[in-house]
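Take a look at the structure set out below.
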Amino acid sequence: MALEHRISELDTYLFAKGTHYEIYEKMGAHLAEEDGKAGTYFSVWAPNARSVSVVGDFNNWDRSAHPMQPVQQSGIWDIFVPGVKAGDLYKFAVETSQGYTVLKADPYGNQSQLRPDNASVVADIRHFDWTDQAWRKAHQEKKTESPMAIYEVHPGSWKKDPSMPGEFYNFKKLAVELADYVLEMGYTHVELIGLSEHPFDGSWGYQVSGYYAPTARYGTPADFMYFVNYMHDHGIGVILDWVPAHFPKDEFGLGRFDGTALYEHQDPRKGEHPEWGTYCFNYGRTEVSNFLVANALFWIEKFHVDGLRVDAVASMLYLDFGRSSGNWIPNEDGGNQNYEAITFLKHLNSIVAQRNPGAMMIAEESTAWPKVTGDVDDGGLGFTYKWNMGWMHDFLEYMKCDPIFRKYHQNQITFSFMYAYSENYVLVLSHDEVVHLKKSMIYKMPGTMPEKFGNLRAAYGLMMMHPGKKLLFMGQDFAQTAEWNEAKSLDWHLLEKYPEHQQLNHYYCDLLHFYQNEPALYELDDSPEGFAWINGSDAEHNMLTFCRMTKDKKNCLLCHFNFSPVAYENFQSGVLCPGTYTEVFNSNAAEYGGTGLVNSEPIEAVKESWDFKDYSIKYHLGAYGVCIFKFDYVEPKPEEPQKPARRYTKEDIHKLAGHYKKIK
């Protein structure tokens, strides 16, 4: 009888090529049956090991009880152990060529113990009853012309459950409460931080020890499947943070797996990240590349996630990233580009797009590397979106300025429009911006507390109207005052007790719904045709005015931002065309904490030149105000040509000359 669960010659061939995209179906631990006996089939890649055995609670962790056998010349070891069932603990006892033995967690394991314990757990992830077929069918293709507003969540600190180990919410409970909040607010997606298994809470999940295992902090693999399924059934997409750049040095993990630098480079100048104290993956080794590409597909295809946000892409692309002079190895041409990582990323994104056209690959890339979201065939890296870190940095620096000095920093809120369409961007205000003494969003703002809230309303207004998708970290939508702490729950009492926090939360909620309901804000996100300047140079008054356009030129938006504490009773602004301008959003509404001075009546444009436009309107503009007007674009009628002046004949000239003489 053929044993389909075992490693075959074809499996080893594809794995060695780096193209076995379902290698996780064979590697790791899988419930199986051989010779009529139920048990578990184990396999692990350790090509330089002297011997490997599987140990666990089923054999009292006896290294001699179940020695594994090498599979051909592949470097893979395997064994079938009768009686081993789901829930049993195990590790691989790897004897190195130096003669010492180390206990390793399963690189392909689907479940782990709750930290600080770190054994792998036999799991069966084959039988979950998915009900998200309608969602999956509707998202088979990329939808860059659709709105996307991401709520970035660290599940371990969104809320706490005192009844659970570590006070962590279980995925099932988290699904219900998080979906309710996300739907009420108007987010379209959640992005989960620290989902893969990791040993240290303080790493936030960015130092992964179990790439194929959802962290046990929040439940089982089936619990996480429930979470994704529940989100999809409620119309919410799920994105995971994914870390293919580096991994921790914990002895039970991937590092020096078989006594040699297997997953990492041997030379620390290429194989270690000095700033993070971690190992860097060796993308040039096909089995390592296969491990990572298959892992991306694993989350998308087995757990139905909608996309991966790829962490620290810049650290992968540059050989000298975070390294001092003399402590990095140039490429074969003497440059700092990591050719192996570039090839890996192109391969990764191509295969994901080929197998799952609707899946999103989002790059956290902080440099000016060209064509991050460009097609691989055109020399690009092939990502769907890129985090706009440049916008984030400039925007926050501007907002932190006292309004008196903002006129000297106008370029910090206008420069991003110059390159807004060079990539498919996501505008991000992420967890990284509200930790390590950087302050929460509300405390980045200058002035008194009322002024801070006014500034934050203006900031969020600009973010929502700026071209690009949106991401905001949890807690910032109700103006959490404290910096994020992964060990504590968000300060939900602020939202429950204090009107100013309730008003800010209500404001951001209305912004999100406004964003989703206005095609001008997303359907031309990847085209300059979706944007038109009115005035980006009014630095003296801390002003910014532009238009967001639709494909059919109907229901376009005129967006005005006042980043000063000065209110205007009758402010004049140029407009693109004649017609009626109807205010559809105003941050100065009383329900948001403003003065209540808004523009309740439609305004007709008049033919009075302003801002180098032929037509203009006048309206109320509050301090730190955001005013949005809706209009239909029509081409201004060309002015009727003036009648040509009378052309004089020679006879006329002679007559006039004679008349002139008579007068003299």
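Per the listing 358, 334, 374, the residue uniquely of a type outside the set (A, V, I, L, M, F, W, C) and on the phi > 0 side of the Ramachandran plot is 334.
For residue 526, the criteria (1) in contact with a strand residue (DSSP E or B) (Cβ under 7 Å, 6 or more places away or on another chain); (2) surrounded by fewer than 22 Cβ atoms within 10 Å (Cβ to Cβ); (3) touching a residue at least 60 places away in the same chain (Cβ under 8 Å); (4) not polar (S, T, N, Q) hold in every case but one, which is (1).
Among the residues of the range 409-450, those that are over 25 Å from residue 311 (Cα atoms) and not in a helix (DSSP H, G or I) comprise 410, 445, 446, 447, 448.
When only residues in the range 367-382 that are among the charged types (D, E, K, R) and in a loop (DSSP other than H, G, I, E, B) count, which is nearest to the chain's Cα centre (by Cα)?
Looking only at the range 367-382, we keep the residues that are among the charged types (D, E, K, R), and these are 371, 375, 377-378.
Narrowing further to those that are in a loop (DSSP other than H, G, I, E, B): 371, 375.
Values: 371: 17, 375: 19 Å.
Ranking the qualifying residues of the range 367-382, first place goes to 371.
Has the range 143-164 got at least one residue that is within 25 Å of residue 519 (Cβ to Cβ), acidic (Asp, Glu), surrounded by fewer than 19 Cβ atoms within 10 Å (Cβ to Cβ) and under 18 Å from the mean Cα position of the chain (by Cα)? So far as the range 143-164 goes, yes, one or more of its residues are within 25 Å of residue 519 (Cβ to Cβ), acidic (Asp, Glu), surrounded by fewer than 19 Cβ atoms within 10 Å (Cβ to Cβ) and under 18 Å from the mean Cα position of the chain (by Cα). Here the range 540-577 is the region considered, the condition is being assigned to a strand (DSSP E or B) and polar (S, T, N, Q), and the residue that is nearest to residue 459 (Cα to Cα) is 562.
Within the range 76-98, the set of residues being out of contact with any Lys or Arg (no Cβ under 7 Å at 6 or more places or on another chain) and at pLDDT below 95 comprises just one member, 98.
Taken together, the residues in the range 9-45 that are in a loop (DSSP other than H, G, I, E, B) and either buried (at least 22 other Cβ atoms within 10 Å of the Cβ) or at pLDDT 95 or above (or both) amount to 7.
Those helices (runs of 4 or more DSSP H) of the range 245-363 in which at least 3 residues are more than 23 Å from the chain's Cα centre (by Cα), considering only elements entirely within it, cover 268-271, 286-302. Say we look at the range 381-414 and pick out the residues that are without any contact (Cβ under 8 Å) to a residue 24 or more places away in the chain and over 22 Å from residue 566 (Cβ atoms); which of these is surrounded by the most Cβ atoms within 10 Å (Cβ to Cβ)? Applying the filter and picking the extreme gives 394.
Any chance the range 476-489 includes a residue that's in contact with a Leu (Cβ under 8 Å, 6 or more places away or on another chain) and either more than 29 Å from residue 413 (Cα to Cα) or among the aliphatic types (A, V, I, L, M) (or both)? Among the residues of the range 476-489, at least one is in contact with a Leu (Cβ under 8 Å, 6 or more places away or on another chain) and either more than 29 Å from residue 413 (Cα to Cα) or among the aliphatic types (A, V, I, L, M) (or both), which makes the answer yes. Screening residue 453 against (1) in contact with a Lys or Arg (Cβ under 6 Å, 6 or more places away or on another chain); (2) in a helix (DSSP H, G or I) leaves a single unmet condition, (1).
Determine if the range 257-268 includes at least one residue that is in contact with a helix residue (DSSP H, G or I) (Cβ under 7 Å, 6 or more places away or on another chain), touching a residue at least 40 places away in the same chain (Cβ under 8 Å) and among the hydrophobic types (A, V, I, L, M, F, W, C). Scanning the range 257-268, I find no residue that is in contact with a helix residue (DSSP H, G or I) (Cβ under 7 Å, 6 or more places away or on another chain), touching a residue at least 40 places away in the same chain (Cβ under 8 Å) and among the hydrophobic types (A, V, I, L, M, F, W, C), so the answer is no.
The single condition among (1) surrounded by 21 or more Cβ atoms within 10 Å (Cβ to Cβ); (2) more than 35 Å from the chain's Cα centre (by Cα) that residue 635 does not satisfy is (1). It is to be established whether one or more residues within the range 458-470 are among the small types (Gly, Ala, Ser) and either in the same structural domain as residue 627 (by TED's automatic domain parsing) or not in a helix (DSSP H, G or I) (or both). Yes, the range 458-470 contains at least one residue that is among the small types (Gly, Ala, Ser) and either in the same structural domain as residue 627 (by TED's automatic domain parsing) or not in a helix (DSSP H, G or I) (or both).
Just wondering, is there one or more residues in the range 133-152 that are closer than 13 Å to residue 487 by Cα, in contact (Cβ under 8 Å) with a residue 40 or more places away in the chain and part of a loop (DSSP other than H, G, I, E, B)?
Scanning the range 133-152, I find no residue that is closer than 13 Å to residue 487 by Cα, in contact (Cβ under 8 Å) with a residue 40 or more places away in the chain and part of a loop (DSSP other than H, G, I, E, B), so the answer is no.
Take the residues in the range 188-204 that are part of a loop (DSSP other than H, G, I, E, B) and not hydrophobic (A, V, I, L, M, F, W, C), then tell me which one is farthest from residue 277 (Cα to Cα).
188
Among all positions in the range 335-343, there is no residue which is crowded, with 20+ Cβ neighbours inside 10 Å and among the aromatic types (Phe, Trp, Tyr). If you go through the range 53-79 and keep only what is free of Cβ contacts under 8 Å to residues at least 60 places away in the same chain and assigned to a strand (DSSP E or B), you end up with 53, 54, 55, 67, 69, 70, 77, 79.
Among the conditions (1) surrounded by fewer than 15 Cβ atoms within 10 Å (Cβ to Cβ); (2) basic (Lys, Arg); (3) in contact with a helix residue (DSSP H, G or I) (Cβ under 6 Å, 6 or more places away or on another chain), residue 137 misses just one, which is (3). Pairing residues of the range 337-353 that are within 26 Å of residue 323 (Cα to Cα) with residues that are outside any helix (DSSP H, G or I) and of a type in the set (Ser, Thr, Tyr), at Cβ distances under 8 Å and at least 6 apart in sequence or on separate chains, gives 337/318; 338/283; 338/318; 340/283; 341/283; 343/283; 344/283.
The values are calculated or read from the model by the stated rules, or taken from the named source; none is laboratory data. This structure is a prediction, so every number in the text was calculated from the model and none was measured. Heads up, the Cβs are rebuilt from the backbone with ideal geometry, glycines too, and the neighbour counts pull from every protein chain shown.
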